[in-house]
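The structure under discussion appears below in the form of structure tokens.
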Amino acid sequence: MNEHSFPEDFVWGVAASAYQIEGAVAEDGRGASIWDTFSHTPGAVDNGDTGDVACDHYHRWSEDLDLLVELGVASYRFSVAWPRVMPDGRTVNQQGLDFYRRLVDGLLARGIRPLMTLYHWDLPQSLDVGDAGGWLSRDVPARFADFAGVLGKELGDRVPAVTTLNEPWCSAYLGYASGEHAPGRTDNALAYRAAHHLNLAHGRAVAALRDVLPANADVSVALNLHQVEAASERPEDVAAAEHVDLIANRVFLDPMLGAGYSEALRRTTEGLTDWAFVQDGDEAEIAGALDSIGINFYNPARVRAANEGGRPFPGSDRAFFADVAGPRTVMGWPIVPAGLTDLLLRVQRDVGLPMHVTENGLGARDVVEAGAVHDPERIAYLRDHLAAVLEARRRGADVRGYYVWTLLDNFEWAWGYDKRFGLVHVDFADQRRTFKDSARWYAEVISRNAL
Ligand code: FCB
């Protein structure tokens, strides 16, 4: 052991999600999701890209799992496409379930531990009908609890860890306030209603899972908490940062940890929402006990109160993004590894549950040259963020694992296929997979268990 080593039982992983890799959108009874509809809406996604084919993982899952073996990861974080398992959001489709059973068995046969995410944004389209459908509807949390119960019952004997939602912030605020994500609504008020129904769905799913999972199962949620700083020490900027912490972080953390929605949140959202959609008993339902928490981190955020041409913070009428100094990825995302240390220490302090970094990685425009993909900037990014994890651990954060986003270049939501996050390059013309330098580097880190 030296200061660059990870503990013996540190979990090395990679993460992926269904709609971004599976393709086969009309096969074996799969129903449409809101991302099928959105990606086929002109102008919604760069280049008009869709997830229709993606990485064709639905057919190539077995060779893709072999890539995990080459990497040497202990765990694979995948998500279940709800519309594959329940095409109408309600009725079970056996063929859809069978796909995930094959996938999970394939992982176990390779000695890899599945971490199953129930919802990574692909809501069944039939649950989003009319102006008040989707996450605006109180019926969807009930449907989600049923879905969670089915997955828990069918696969709980072989999946040791289940995450309810991936990044509900994106579902609520990008889906309903900024409109960058499906279903593409653009009304700040709607985002709060959606956030509440996502919280309720999470809480009810936790309860449904507890009913059917073995007692030692690990139940979690994966949040992209914002490591938010004020752009200056001016009181109005400090207030903007506190406002963003409330609407982006505490809106999920507080009720999930059993504290309900705070007075501070209700105050800071005056004029945005009256929270009338919160019914008696909801906050108690959201508070189901968790075993661990997943943290997805890419970059910190700086905000200011004055609109100086910055993008408004989604869901807010008074906070705007400010520039973070330093290098950026091709996504335009600032590279600040210390932000991850700060965030993990904050979660340790405020949440106190065991943590996994469930996503972290870098998007670039990688190309294959003479059979190789040289991606030194991704290696540097991963190395520096892993060092940030070690630093957080040294200072007391109980971080138990790390998942690179992602295994394969894939459908990067509104950015389409241009921005590549994979350790493994995918040629979307012929589906050829090529290990990038970063994949070989990551395999070495895993085998040394040290940086
Ligand atoms: C996260 C998403 C994931 C991927 C990365 C780059 O917000 O959870 O699906 O798109 O960003």
- Message: Looking at Val445, Val389 in this structure, which one is of a type in the set (Val, Ile, Thr), assigned to a helix (DSSP H, G or I) and within 22 Å of the chain's Cα centre (by Cα)?
- Response: Val389
- Message: I need a count of the residues in region 1-48 that are within 20 Å of the chain's Cα centre (by Cα) and closer than 20 Å to Gly96 by Cα.
- Response: 12
- Item | Residue identified as more than 14 Å from Arg302 (Cβ to Cβ), within 24 Å of the chain's Cα centre (by Cα) and not in a helix (DSSP H, G or I) among Val251, Val221 | Val221
- Cβ-Cβ under 7 Å pairs, at least 6 apart or on other chains, region 310-325 side closer than 15 Å to Tyr173 by Cβ, far side polar (S, T, N, Q) and surrounded by fewer than 16 Cβ atoms within 10 Å (Cβ to Cβ): Phe320/Asn307
- Query: Can you spot a residue in region 369-376 that is within 16 Å of the ligand (Cβ to nearest atom), outside any strand (DSSP E or B) and within 16 Å of the chain's Cα centre (by Cα)?
  - Reply: no
- Within region 409-424, can one find any residue that is in a loop (DSSP other than H, G, I, E, B), more than 20 Å from Ser39 (Cβ to Cβ) and touching a residue at least 40 places away in the same chain (Cβ under 8 Å)? yes
- Selection within region 124-177 - assigned to a helix (DSSP H, G or I), of a type in the set (Val, Ile, Thr) and within 16 Å of the ligand (Cβ to nearest atom): none
- Query: When you go through (1) small (Gly, Ala, Ser); (2) under 18 Å from Val14 (Cβ atoms); (3) in a loop (DSSP other than H, G, I, E, B) one by one for Gly401, which number turns out not to apply?
  - Reply: (3)
- Just wondering, is there one or more residues in region 336-354 that are at pLDDT 95 or above, assigned to a strand (DSSP E or B) and not hydrophobic (A, V, I, L, M, F, W, C)? no
- Task: Report yes if some residue within region 66-86 is over 21 Å from Val404 (Cα atoms), more than 16 Å from the ligand (Cβ to nearest atom) and not hydrophobic (A, V, I, L, M, F, W, C); otherwise report no.
- Result: yes
- Message: Test of understanding: among Ala44, Ala32, which residue is surrounded by fewer than 23 Cβ atoms within 10 Å (Cβ to Cβ) and either within 16 Å of the ligand (Cβ to nearest atom) or within 26 Å of Thr358 (Cα to Cα) (or both)?
- Response: Ala44
- Message: Please determine whether any residue of region 190-199 is away from the ligand (no atom under 16 Å from the Cβ), within 25 Å of Trp405 (Cα to Cα), assigned to a strand (DSSP E or B) and more than 14 Å from the chain's Cα centre (by Cα).
- Response: no
- Output the number of the condition that Thr434 fails; it satisfies all remaining conditions of (1) surrounded by 19 or more Cβ atoms within 10 Å (Cβ to Cβ); (2) more than 21 Å from the chain's Cα centre (by Cα); (3) among the hydroxyl-bearing types (Ser, Thr, Tyr). (1)
- Message: When the residues of region 204-226 are narrowed to those that are within 16 Å of the ligand (Cβ to nearest atom) and surrounded by fewer than 22 Cβ atoms within 10 Å (Cβ to Cβ), which ends up farthest from Ala142 (Cα to Cα)?
- Response: His226
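The values are calculated or read from the model by the stated rules, or taken from the named source; none is laboratory data. Note that the coordinates shown come from a computational prediction; the quantities given were computed from them, not determined experimentally. FYI the Cβ positions are ideal-geometry reconstructions off the backbone, even for glycines, and counts take in every protein chain you see.
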